[in-house]
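Comments concern the structure below.
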Amino acid sequence: MTDRYHRQTLLPQIGKIGQARLSAARVLLVGCGALGTVLAEQLVRAGVGNLRIVDRDVVELTNLQRQVLFDENDAKEGRPKAVAAAKRLGGINSSVTIEPLVVDLHAGNIEELAGLEAGGGRADLILDGTDSAETRYLLNDVSVKHGLPWVYGACVGMEGRMMAIRPPTTACLRCIFPSPPGPGELPTCDTAGVFSPVAAVVASLQAVAAIKLLVGDYESVGQELFVLDLWKNRLRTTPTLDAKRGDCVACGLRKFEFLDSRTASATTSLCGRNAVQVRPAGRVMVDLMLLAEKLGSAGPVERTPHLVRCQLQGAEDLQLTVFGDGRLIVQGTGDSDRARSIYARYIGA
Ligand SMILES: [Zn+2]
């Protein structure tokens, strides 16, 4: 029988044993955008056993420049990224179990999503495909608390960063960067753009670290922070071997500030668009069929198995998208208060 992994098992670093470990592995991928799509494709082609993809967003035309699993049809239909990615990945390697979840990951559900609650199918690894600094600190908290490795990756403009974290051995994110940047402190993909090759390189560095972790080769994992600026031909690694700090809030003092701040509801301005997300408090399940009927009086409604979309009629040029977990994305405003009031008016508080 032809073995689809033949060229990979030939590599002494992987071999048959490594391949068997990969196929038994469970991976949680948080965010399926520029980094996440490349990461997901590489891991699925490499033959991980189970890949859970968490992403709250839908595909848009401006994603296609760098988000390799999506096409024009996905953007036209406004398909949820997790769902569109799973469909594409299923055709690439049908032996991988892919679980797409169209939800917003937050402090209240991350442990469940990582399979850390009783009978949950614990993930072996978390991959960072998010564009949110706060989410990364949350991933770091969960990782350190439960001894679950994660791989940090970030890119904006021509620059990228990557670091693997394997608690309790290596330095964690907060050992290196004690606090997240303040709002407006760093450039975002909205203000500075993203160069697709940079995302592909960062995601590939993450995939290397991920596969080393999954096959159990820890020798060279989490020993440095990679920083690159590809337009300037610059790739630098900073050793982090001595960077683990006894007074690190997360891994030293074991205070999990991001995980423990299980805020009620939250609004988030969405990077790169004139839109605000409103997330309800607690766990919510919305009956999308019922909601579609209700919104029919407000404007034209479109319903898919994953979302309801409504173009509000009248003076307001707003589009509402509601997901099964109760999240609302209001397109056409950047004003959080206005988005909250729309939530109360059309969805109900
Ligand atoms: Zn630390």
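The values are calculated or read from the model by the stated rules, or taken from the named source; none is laboratory data. Owing to the predicted nature of the structure, the values given are computational and were not obtained by experimental measurement. In this analysis, Cβ positions are derived from the backbone assuming ideal geometry, glycine residues included, and neighbour counts consider all displayed protein chains. Accessible surface areas use protein heavy atoms only, side chains included; no ligands, DNA or RNA. Shrake-Rupley method; radii C 1.70, N 1.55, O 1.52, S 1.80 Å.
Please go through the range 119-136 and pick out each residue that is in contact with a Leu (Cβ under 7 Å, 6 or more places away or on another chain), part of a helix (DSSP H, G or I) and not charged (D, E, K, R). Give the derivation first.
Looking only at the range 119-136, we keep the residues that are in contact with a Leu (Cβ under 7 Å, 6 or more places away or on another chain), and these are 122-129, 135-136.
Those still in the list that are part of a helix (DSSP H, G or I) too: 135-136.
The answer is Thr135, and nothing else.
Considering only the range 83-96, I want to know if a residue exists there that is in contact (Cβ under 8 Å) with a residue 12 or more places away in the chain, over 18 Å from the mean Cα position of the chain (by Cα) and open to solvent by 20 Å² or more (accessible area, probe 1.4 Å).
Scanning the range 83-96 turns up at least one residue that is in contact (Cβ under 8 Å) with a residue 12 or more places away in the chain, over 18 Å from the mean Cα position of the chain (by Cα) and open to solvent by 20 Å² or more (accessible area, probe 1.4 Å).
Which residue out of Lys81, Lys16, Lys87, Lys76 is basic (Lys, Arg) and in contact with a Ser or Thr (Cβ under 6 Å, 6 or more places away or on another chain)?
After ruling out the rest, the residue left standing is Lys16.
For the range 201-256, give me each residue that is touching a helix residue (DSSP H, G or I) at 6+ places or on another chain (Cβ under 9 Å), under 13 Å from Ile176 (Cβ atoms) and more than 16 Å from the ligand (Cβ to nearest atom).
Phe226
Scan the range 44-67 residue by residue and report those that are hydrophobic (A, V, I, L, M, F, W, C) and either open to solvent by less than 10 Å² (accessible area, probe 1.4 Å) or under 15 Å from the mean Cα position of the chain (by Cα) (or both).
If the condition is that a residue be hydrophobic (A, V, I, L, M, F, W, C) and either open to solvent by less than 10 Å² (accessible area, probe 1.4 Å) or under 15 Å from the mean Cα position of the chain (by Cα) (or both), then Val44, Ala46, Val48, Leu51, Ile53, Val54, Val58, Val59 are the ones that fit.
Can Thr333 be described as buried (at least 17 other Cβ atoms within 10 Å of the Cβ), assigned to a strand (DSSP E or B), of a type in the set (S, T, N, Q) and modelled with pLDDT of 85 or more?
no
Inside the range 72-112, can you point out the residues that are β-branched (Val, Ile, Thr) and closer than 19 Å to Arg327 by Cβ?
Answer for the range 72-112, where residues must be β-branched (Val, Ile, Thr) and closer than 19 Å to Arg327 by Cβ: Val83, Val102, Val103, Ile110.
If we keep just the residues of the range 123-157 that are aliphatic (A, V, I, L, M) and in contact with a Pro (Cβ under 9 Å, 6 or more places away or on another chain), which is nearest to the ligand (Cβ to nearest atom)?
Applying the filter and picking the extreme gives Val144.
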